[in-house]
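Here the structure is laid out as structure tokens; the discussion comes afterwards.
The values are calculated or read from the model by the stated rules, or taken from the named source; none is laboratory data. Please read all numbers here as calculations on a predicted model, not as lab measurements. Heads up, the Cβs are rebuilt from the backbone with ideal geometry, glycines too, and the neighbour counts pull from every protein chain shown.
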Amino acid sequence: MSIRWSHVLVALALGFALGVGLTCWRMGDRGRGGHERMLESFSSKLALDAEQRTRIDAILKGSRERLEALRARTRPEFDALRKSARDEIRALLKPEQQAEFDRMHERWEQRRMKRRQAKP
């Protein structure tokens, strides 16, 4: 079986773009200039020419859109899994521990909602 290096390079580039997009999404850079900062960093550190910059810009925009769509599709399953784990943990706790666990969970949820509201 022969390896086509062009396919390997394309796979690496796609993996890199996906990794960059996931990192930005995870770090909360969505919609707040993360993609632009990344493009500027690539441009300065890699000395991109105009065509490279244009094409990488398109890749970053496209990957961000696909990541958002993936997140929207998987969010319900993610939330259900998180709730199931929380319910299992709560069932193991004594009543006074459950009360504190519930308060802890409420604080976590408030912080999570605050972060979500801060993002466009």
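Structural remarks
- Taken over segment 32-55, the criterion of being in a helix (DSSP H, G or I) and in contact (Cβ under 8 Å) with a residue 24 or more places away in the chain is satisfied by 35 alone.
- Pairs are defined by a Cβ separation below 8 Å, a sequence spacing of at least 6 or placement on different chains, a first member in segment 93-111 that is surrounded by 11 or more Cβ atoms within 10 Å (Cβ to Cβ), and a second member that is assigned to a helix (DSSP H, G or I); the pairs so defined are 93/101; 98/90; 101/89; 101/90; 102/90; 105/86.
- For the criterion of being free of Cβ contacts under 8 Å to residues at least 40 places away in the same chain, part of a helix (DSSP H, G or I), of a type in the set (A, V, I, L, M) and surrounded by 10 or more Cβ atoms within 10 Å (Cβ to Cβ), residue 59 fails.
- Boolean, residue 23 is β-branched (Val, Ile, Thr) and modelled with pLDDT of 90 or more: no
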